[in-house]
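Chemist: First the structure, then my questions, so here it is.
The values are calculated or read from the model by the stated rules, or taken from the named source; none is laboratory data. These figures come from a predicted structure and were not determined experimentally. A quick note on method: Cβ atoms are made from the backbone with ideal geometry, for glycine too, and the neighbour counts reach across all protein chains shown. We work out accessible area using only protein heavy atoms, side chains counted, and drop any ligands, DNA or RNA first. Shrake-Rupley method; radii C 1.70, N 1.55, O 1.52, S 1.80 Å.
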Amino acid sequence: MDDNKLHVQSHATRHFRSQRITSVALIPLTLWQVLLLHKAGLASYADIGAWIASPWNALALLVWVVIMAYHSILGLQVVIEDYVATLPRREGLIKGVNLLVILMAAATSIALVFIVFTEGKNGFSL
Amino acid sequence: MANRPLSPHLQVYRLPLTGLISISHRMTGVLLVFATALILWLLVAIAVGESAYQLWQTVMTSWPGRVVYWGIIYALMFHLCHGIRHLLWDFGKTLDKAMLTGYAVAELLLSAALTLAVYFLP
């Protein structure tokens, strides 16, 4: 586009675009989600700690957490918009769900960083 | 003010295969948010320590845990395959009416194959 106009996209356009971008990113990242769930069913604590703490796995999982959070927020938003008719309740529910997802992602990221820094060897054993 | 009622749809219409897949895509999407919560529990448990991890493992390797696990894996593969079909649609591909059910069946077979592949992971 060669014009000098400011291109402002609508909310819906941005949502559409972000949902597509996060979807494409999640296609390869799903592998790590599956591997993690698979290994957690059979690995020893030492083995799974070592697997998560290894740099590529930790990075992939961290990126997965962030992008999954964004993808979930976008997806849940359209679901709520479809089924909740009254506007204040809809907006409140969307904000509440967004907050929950963000808190979940933050907690997961912190746990991941902790595992990386302790090299999966010892937890802080509550 | 109560929520305005939704016109009945799922309870009323017998949906074609493509419609059933569409609503399943939405349902698996919502369910997978709970799968993400399960992973949150797992990673926090590993950060906390060995006994917390073993609790997760005991719960998830019990037979109800295995039902949940395979449910998540299938939901994930289903959502992934249909998501890819959405992306193809976005590029204007495979929208021909004649092949709609054909592609729907292909997509279901692929998600089943992927779920089976997970079964054979080392």
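Chemist: Roll a 1.4 angstrom probe over the protein heavy atoms and tell me the percent of accessible area of chain A that is carbon or sulfur.
Modeler: Summing carbon and sulfur atoms, their accessible area is 70 percent of the total for chain A.
Chemist: Within 10 Å of each candidate Cβ there may be at most 12 other Cβ atoms; applying that plus a DSSP loop requirement, which chymotrypsin sites (Phe, Trp or Tyr not before Pro) in region B:49-89 survive?
Modeler: Qualifying residues, ordered by number: none.
Chemist: Ok, one more. Of A:52, A:34, A:67, which is farthest on the positive side of the dipole of region A:1-102, counting Cα position, with +1 on Lys and Arg Cβ, -1 on Asp and Glu Cβ, and the Cα centre as origin?
Modeler: My answer, from the dipole projection, is A:67.
Chemist: With every protein chain in place, what's the accessible area of residue B:25 (1.4 Å probe, Å², nearest 10)?
Modeler: The value for residue B:25 is about 30 Å².
Chemist: Mean Kyte-Doolittle hydropathy of 1.6 or higher plus an axial Cα length of 24 Å or more: which whole DSSP H helices in chain B meet both?
Modeler: B:17-48
Chemist: Still on this model: Using alpha carbons only, how many angstrom separate the centre of region A:45-97 from the centre of region B:88-120?
Modeler: 25
Chemist: May I ask for the accessible area buried between chains B and A, both sides summed, probe 1.4 Å, to the nearest 100 Å²? Can you show the working numbers first?
Modeler: Working: alone 9250 and 9140 Å², together 14600 Å².
Interface between B and A: roughly 3800 Å².
Chemist: In peptide A:101-110, what is the residue-averaged number of other protein chain Cβ atoms found within 10 Å of each Cβ?
Modeler: Mean number of neighbouring Cβ atoms from other chains: 3.
Chemist: Shifting gears a bit: Using a cut-off of 12 Å between beta-carbons, work out the net charge of the residues near residue A:53 (Lys and Arg +1, Asp and Glu -1, residue A:53 not included).
Modeler: Cβ neighbours under 12 Å give a net charge of -1.
Chemist: When only DSSP loop residues count, what trypsin sites (Lys or Arg not before Pro) in region B:27-122 have their Cβ near at most 14 other Cβ atoms within 10 Å?
Modeler: Of the trypsin sites (Lys or Arg not before Pro), the ones in loops of region B:27-122 whose Cβ has at most 14 other Cβ atoms within 10 Å are B:93.
Chemist: Another one. Once both labels are modelled 7 Å past Cα along the beta-carbon direction, what's the residue B:50-residue A:79 spacing in nm?
Modeler: Between residue B:50 and residue A:79, the label points sit 3.9 nm apart.
Chemist: Sorted by accessible area (1.4 Å probe), largest first, how do A:114, A:124 line up?
Modeler: Sorted by accessible area, descending: A:124, A:114.
Chemist: Please compute the contact order of region A:6-108 in relative form: average sequence separation of alpha-carbon pairs under 8 Å and at least six residues apart, divided by the residue count, as a percent.
Modeler: 31 percent.
Chemist: On to the next question. Under unit Cβ charges (Lys, Arg +1; Asp, Glu -1), what dipole magnitude, rounded to 20 debye, does chain B have relative to its Cα centre?
Modeler: Its charge dipole is roughly 360 debye.
Chemist: Also: Pick out the long, greasy-scoring helices in chain A: whole DSSP H runs spanning 20 Å or more along their own axis by Cα, mean Kyte-Doolittle at least 0.5.
Modeler: Membrane-span-like by this rule: A:55-83, A:87-117.
Chemist: Separate question: Tell me, which residues of region B:45-67 get at least 50 Å² less accessible area when the other protein chains come in, versus the chain alone (1.4 Å probe)?
Modeler: Residues of region B:45-67 that lose at least 50 Å² of accessible area once the other chains are added: B:46, B:47, B:48, B:53.
Chemist: Quickly estimate the mean residue ellipticity at 222 nm for chain B, helices only: each DSSP H run with n ≥ 4 gives -39500 (n - 2.57), and the total goes over all residues, rounded to 500.
Modeler: -26500 deg cm²/dmol, from helical runs alone.
Chemist: Could you put B:63, A:64 in order of accessible surface area, largest first, with the 1.4 Å probe and the full protein assembly present?
Modeler: Descending accessible area places them as B:63, A:64.
Chemist: Please calculate how many Å² of accessible area the protein assembly as shown carries per residue, with a 1.4 Å probe and no DNA, RNA or ligand atoms counted.
Modeler: 59
Chemist: Ignoring ligands, DNA and RNA, what percent of the accessible area of region B:1-67 is carbon or sulfur (1.4 Å)?
Modeler: Answer for region B:1-67 is 69 percent, counting heavy atoms of protein chains only.
Chemist: Here is a further query. With the Cα gyration tensor of region B:1-117 giving a ≥ b ≥ c as the square roots of its eigenvalues, does the rule (a/c under 1.5 for rounded; else a/b larger than b/c for prolate; else oblate) give rounded, prolate or oblate?
Modeler: prolate
Chemist: Modelling each spin label as a point 7 Å along the Cα-to-Cβ direction, I'd like the residue A:95/residue A:11 distance in nm, to one decimal.
Modeler: Rounded to a tenth, the inter-label distance reads 1.3 nm.
Chemist: If you don't mind, there's one more thing I want to ask. Near residue A:121, which lysines are there with a Cα under 30 Å away, not counting those fewer than 8 places off in the same chain?
Modeler: Within the straight-line cut-off, residue A:121 pairs with A:39.
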